[in-house]
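Below is one structure, written out as structure tokens, with a few remarks after it.
The values are calculated or read from the model by the stated rules, or taken from the named source; none is laboratory data. Every value quoted in this text rests on a predicted model; they were computed, and no experiment measured them. We place every Cβ from the backbone using ideal geometry, glycine too, and count neighbours over all the protein chains shown. Ligands, DNA and RNA are stripped out before the accessible areas are found, and what is left, the full protein with its side chains, is counted by its heavy atoms. Shrake-Rupley method; radii C 1.70, N 1.55, O 1.52, S 1.80 Å.
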Amino acid sequence: MVMLEKMALREITSANYITPVNGMVHPDRIMDEHDFLYILDGEWEVWEEGTPYSLVQDDLLILAAGRHHYGKKLCNPGNRHMYFHVKPTEQECLSPQSVSPSLFSCHTLVHCQNHPHIRQYFQDLISVYWSSRTERENRLSLLFNMILCEISELFSCKSRITPTDSLVEEVEQQIRSHPQIFYTSEEMAACHFICARTLNNHFLKSFQKTFYAFQMETHLEMVRHFLIYQPKATLREAALNFGFYDEFHLSKAFKKRYGISPSRFREHL
């Protein structure tokens, strides 16, 4: 297990992609930094403090600073992996008896096959590391913390019946970025080259509700926020901004969802 601190300012000391054409043995060393190793393609066995870890595609290995890690055999020729080294925070260097509430416990080996954001943030971090962009150090720290947030969520959601569904995430993003449109399930399914039945099955599996029900609840929640933060806007404006035919259509749906009309809702703000 590794103790990691979220939302701290971080220093990334090295980051890159490696493709050992003839294979390679993991270096035998004890580092002052955490070593994050992500397998893009192939397999590898890496040891830490006498424990072997077998990595396959989309596995992340977090080798903690101050621990002995090494390899005993070559990875497969053509193995592709990426890594970065990051300095531990003061909190992470504390003894187990002095653990801070700001830390969370993370497995050394993290399976990321159903969590594509970890891979993407990892790649973004390497890209920024080799760039000369303004705010480079802050961007690196931010991306590292995004990776930690994803890892933390991964372990906090182990009880979920289903893993993250990338199709559902894409559809949800489309709904939220075009709030003035109410899509039919056929229209949305066509955008993603699937049938409406398949689309609904994805939403039933992820949220136990149909695509239509999910979309309606999302729009109504956006309306609720709009009414709170735009007190001078009319109900007709709210209706048109969020895909309803008119204020009467909005009022009926809003009352069904929240048990109160949007007009009465505003009166109670």
Subject >> Unmet requirement for Glu237, which otherwise passes all of (1) assigned to a helix (DSSP H, G or I); (2) touching a Phe, Trp or Tyr at 6+ places or on another chain (Cβ under 9 Å); (3) within 30 Å of Asn114 (Cβ to Cβ); (4) open to solvent by 30 Å² or more (accessible area, probe 1.4 Å) >> reply: (3)
Subject >> Criterion violated by Tyr70 - all others in (1) open to solvent by less than 60 Å² (accessible area, probe 1.4 Å); (2) over 26 Å from the mean Cα position of the chain (by Cα); (3) within 24 Å of Tyr129 (Cα to Cα) satisfied >> reply: (3)
Original post:
On the given criteria, is Leu9 surrounded by 13 or more Cβ atoms within 10 Å (Cβ to Cβ), touching a helix residue (DSSP H, G or I) at 6+ places or on another chain (Cβ under 7 Å) and over 20 Å from Gln113 (Cα atoms)?
Top reply: no
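Condition check ((1) small (Gly, Ala, Ser); (2) assigned to a loop (DSSP other than H, G, I, E, B); (3) open to solvent by 60 Å² or more (accessible area, probe 1.4 Å); (4) out of contact with any Asp or Glu (no Cβ under 8 Å at 6 or more places or on another chain)) across all residues:
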residue	(1), (2), (3), (4)
Phe203	no, no, no, yes
Tyr212	no, no, yes, yes
Met216	no, no, no, yes
Leu220	no, no, no, yes
Gly243	yes, yes, no, yes
Ala253	yes, no, no, yes
Subject >> Neighbours by Cβ (under 7 Å, 6+ apart or cross-chain): first from region 24-39, under 24 Å from Ile118 (Cα atoms); second of a type in the set (S, T, N, Q) >> reply: Glu33/Thr13; Ile39/Gln57
Original post:
Going through region 118-132 one residue at a time, which ones are open to solvent by 70 Å² or more (accessible area, probe 1.4 Å) and within 25 Å of Val168 (Cβ to Cβ)?
Top reply: Gln120
Original post:
So, in region 133-144, of the ones that are open to solvent by 10 Å² or more (accessible area, probe 1.4 Å) and out of contact with any helix residue (DSSP H, G or I) (no Cβ under 7 Å at 6 or more places or on another chain), which residue ends up modelled with the lowest pLDDT?
Top reply: Thr134
Subject >> Sole exception among (1) surrounded by fewer than 18 Cβ atoms within 10 Å (Cβ to Cβ); (2) within 22 Å of His107 (Cβ to Cβ) for His26, by number >> reply: (1)
Subject >> Unique match (being part of a loop (DSSP other than H, G, I, E, B), among the β-branched types (Val, Ile, Thr) and modelled with pLDDT under 95) among Ile260, Ile228 >> reply: Ile260
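Picking from Tyr17, Tyr38, which residue would you name as being aromatic (Phe, Trp, Tyr), within 22 Å of Asp124 (Cα to Cα) and open to solvent by 40 Å² or more (accessible area, probe 1.4 Å)? Write out each step before concluding.
On the way: Tyr38 fails: open to solvent by 40 Å² or more (accessible area, probe 1.4 Å).
The conditions single out Tyr17.
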